[in-house]
Amino acid sequence: MFQRLAACWCALVLTVIQVIAPGPGLATPARGNGAGIATNGRGIKARIGGAPSPTSSTPAPASPIDVPAKSAETATDAPPQISPEQAEEDKRILQIMEKELQRNFSKLKNANPPAYFLAYRASDSENSEVSACYGALYTRKDKVRDRYIQVEVRVGTPKLDSSHSTGSESVSDNSFREHCVIIDGNPLNLRTNLWLETEKQYRIAAERYGRVVAEQGLTSDDVPCDDFSSENATKNVSAVVSPAFDLDKMEQIVRKLSLLYKPFQALESAWVRFSVDRYNRYFVNTEGTSVADHSLSAFFITGANATADDGELLRLESQLFLDNPDKVQDRYAEFESETKRIANSLVALKKAAPAEVYYGPAILNNRAAAVLFHEALGHRLEAHRLRRLYEGKTFENMLGKQILPSFISVYDRPLQPRVRNQALVGHYQIDDDGVPAKNVTLVDKGVLKTFLVGRTPVPEFPKSNGHGRCQPGASYPTVARMANLIVDSAKQVSEEQLKKDLIAELKKRNKPYGLIVDEVVSGETNTSDFNPQTFNLRPSLVRKVYADGRPDELVRSVRIIGTPMAALERIVETSDNVGVFNGSCGAESGWVPQSNCAPSILIDGLEVERTHAGKNVKPILPPPALD
């Protein structure tokens, strides 16, 4: 039971905090569905090859949040082109994988039971990192490489295969696993590892298919559609390579910035870090798809710890996504400002009083609102959840019906790399199933229009819309996931007016104070039918706003809780100030980079509980760096 429940929890963690200048309404939701959003520096950007299927989703119309093909930042900087050596290496690896794929499939398609589909994925990763504390270098990793392969074997037929949901399934019960391999260029090493893993995964899939067949007719909630969609083959070898970066320059910056924390005696530890992950991704399958692409995910991270007088451990951290890490010096002023902001905010938070239990009007500032949408809405629109036993299926019969206020529309746009000149970490052009990505309209003026679909079809949507995703180099099957979740509002006011409207609502309801949630670090939600359909958000900065005009007051120990439909329908209006929450979203297919964009929202009923974190003994002696 624990394993089944775990599959239905999703988590979102902060990776980037960015603010977009005021403008007409756009927003990107936060995550949901037993999943979460989280801050880690993982990301994949794929380049397109082949045409998207027009039958699987509703194309997103043009809106104020669209950006021109060439933004001000990218118009003069063409992406770096791949070297002839890398192009030859890509071609060589794909040929090795395709040769072994065909050799093994020629046998397995005639086995008993027969395999009808085989796919190989190789992920070549390279991690670099530098961090510093109080001017001293703490860690330095320079191009640490790993290579993983993943093998997917499907036994049976597309109508009923080994992936079919069963009553005896668990999180670890699937025919898709990762396998670490030697990183040298020996073709025989790669082919041998693919052969061994294919043998293993076929046996797992065959055994599972036997259970699937045996359980047919024993459950009453099977969805009447195929287990696997038919898709056109995609052929694409990217001509673009991820940009270069200077680790020595990054080291100089983190050393210098980490010294900014020294004057703050209230802090017990502090850090500054750059993390860069470079990925080369290779994918082939028996339908003829062959994809090679290259991506880079880089982050600036700064944070600090302190202990409140009552023993609560406090931590603030900010992470900024770097779409061009070679130009870190150009953003030094931004890094410096963010480091100082973290230090000053944590000093103020240490002096703040713990929050009280509260239900009433509140404002969620743009990035916090984005996480709310992600948790309360986004995961529940991932189509594979409609196929699984033990899922709550919140919006299963809601197509064409009102699920949000009529002034809100929601999109997911993996093909959109930026929003108002802010880079989106969830951008890609080909998903992890080798299917070209599509921008989709999920909710139009409050009405549910479609779901996010991978290669597990649902009755209304038999084709993928390019949202099959999984963590690179990890042991998870691909499932439908969010990419760039964007919320657009037709009912906007300024940030100042939004606060005035909050105070007016407090007076109307005779409430002494309300809350403004400035920042949220993470969130999670449950979509399982074993437990109530709930979500919770973990704010890091929350203010009391008094109806009588007293100054705002910072509070701590806050957790936001609620149920999805009740929370979403209580949104009254939004601001015109859009924020981007670039994060990592964790669910059944691991952690994937994911972006959420949203304006600030006024909600007339938000429930807050006080957290009771473990208490720590306050240090008697000051840290030597601060003495």
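The values are calculated or read from the model by the stated rules, or taken from the named source; none is laboratory data. Note that this is a predicted model, so its numbers are computed, not measured. Note that each Cβ is placed from the backbone with ideal geometry, even for glycine, and that neighbours are counted across all protein chains shown.
Condition first: exposed (fewer than 14 other Cβ atoms within 10 Å of the Cβ), out of contact with any Phe, Trp or Tyr (no Cβ under 8 Å at 6 or more places or on another chain), of a type in the set (A, V, I, L, M, F, W, C) and not in a loop (DSSP other than H, G, I, E, B). Can you find one or more residues in segment 217-227 that meet it? Among the residues of segment 217-227, not one is exposed (fewer than 14 other Cβ atoms within 10 Å of the Cβ), out of contact with any Phe, Trp or Tyr (no Cβ under 8 Å at 6 or more places or on another chain), of a type in the set (A, V, I, L, M, F, W, C) and not in a loop (DSSP other than H, G, I, E, B), which makes the answer no.
Inspect all residues belonging to segment 314-325 and state whether any of them is more than 22 Å from Val521 (Cβ to Cβ) and either part of a helix (DSSP H, G or I) or modelled with pLDDT of 95 or more (or both). Scanning segment 314-325 turns up at least one residue that is more than 22 Å from Val521 (Cβ to Cβ) and either part of a helix (DSSP H, G or I) or modelled with pLDDT of 95 or more (or both).
Checked against the criterion of being touching a His at 6+ places or on another chain (Cβ under 9 Å), in contact (Cβ under 8 Å) with a residue 60 or more places away in the chain, part of a strand (DSSP E or B) and hydroxyl-bearing (Ser, Thr, Tyr), the candidates Ser595, Ser600, Ser522 yield just one match: Ser595.
Of all the numbered requirements in (1) farther than 16 Å from Tyr513 by Cα; (2) in a loop (DSSP other than H, G, I, E, B), Glu356 misses one, and that requirement is (1). Of all residue pairs spaced 6 or more apart or on separate chains, those with beta-carbon atoms under 7 Å, a first member in segment 604-621 that is in a loop (DSSP other than H, G, I, E, B) and modelled with pLDDT under 90 and a second member that is among the acidic types (Asp, Glu) and surrounded by 15 or more Cβ atoms within 10 Å (Cβ to Cβ) are Ala613/Glu312; Pro619/Glu268. Taken over segment 83-129, the criterion of being assigned to a loop (DSSP other than H, G, I, E, B) and crowded, with 19+ Cβ neighbours inside 10 Å is satisfied by no residue.
For every residue, the table says whether it meets (1) modelled with pLDDT under 95; (2) of a type in the set (Phe, Trp, Tyr).
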residue	(1), (2)
Glu88	yes, no
Ile96	no, no
Lys99	no, no
Asn104	no, no
Lys109	no, no
Tyr120	no, yes
Ser128	no, no
Tyr138	no, yes
Gly156	no, no
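Results for (1) touching a strand residue (DSSP E or B) at 6+ places or on another chain (Cβ under 8 Å); (2) crowded, with 20+ Cβ neighbours inside 10 Å, shown as yes or no for each residue.
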| residue | (1), (2) |
| --- | --- |
| Asn305 | yes, no |
| Phe321 | yes, yes |
| Lys327 | no, no |
| Asp330 | no, no |
| Asn344 | no, no |
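Kindly check whether there is at least one residue in segment 145-153 that is within 30 Å of Ser258 (Cβ to Cβ), part of a strand (DSSP E or B) and either in contact (Cβ under 8 Å) with a residue 24 or more places away in the chain or of a type in the set (A, V, I, L, M, F, W, C) (or both). Yes, some residue in segment 145-153 is within 30 Å of Ser258 (Cβ to Cβ), part of a strand (DSSP E or B) and either in contact (Cβ under 8 Å) with a residue 24 or more places away in the chain or of a type in the set (A, V, I, L, M, F, W, C) (or both). Among the residues of segment 411-448, the one identified as modelled with pLDDT of 95 or more, at positive phi and under 21 Å from the mean Cα position of the chain (by Cα) is Gly434. Screening Glu375, Glu334, Glu338 for residues that are part of a helix (DSSP H, G or I), buried (at least 23 other Cβ atoms within 10 Å of the Cβ) and of a type in the set (Asp, Glu) leaves exactly one candidate, Glu375. Given the criteria crowded, with 24+ Cβ neighbours inside 10 Å, of a type in the set (A, V, I, L, M) and part of a strand (DSSP E or B), does Ile516 qualify? So Ile516 does not fit the description; no. The set of residues in segment 273-326 that are farther than 17 Å from Gln86 by Cβ and aliphatic (A, V, I, L, M) comprises Val276, Val284, Ala298, Ile301, Ala304, Ala306, Ala308, Leu313, Leu314, Leu316, Leu320, Leu322. For the criterion of being modelled with pLDDT of 95 or more, of a type in the set (A, V, I, L, M) and either surrounded by fewer than 23 Cβ atoms within 10 Å (Cβ to Cβ) or within 27 Å of Thr534 (Cβ to Cβ) (or both), Ile408 passes.
Among residues belonging to segment 235-266 that are part of a loop (DSSP other than H, G, I, E, B) and under 25 Å from the mean Cα position of the chain (by Cα), point out the one that is modelled with the highest pLDDT. Looking at residues that are part of a loop (DSSP other than H, G, I, E, B) and under 25 Å from the mean Cα position of the chain (by Cα), I get Phe245. Scanning segment 267-310 for residues that are of a type in the set (Gly, Ala, Ser), at pLDDT 90 or above and assigned to a strand (DSSP E or B) returns Ser269, Ala270, Ser275, Ser290, Ala292, Ala298, Gly303, Ala304, Ala306.
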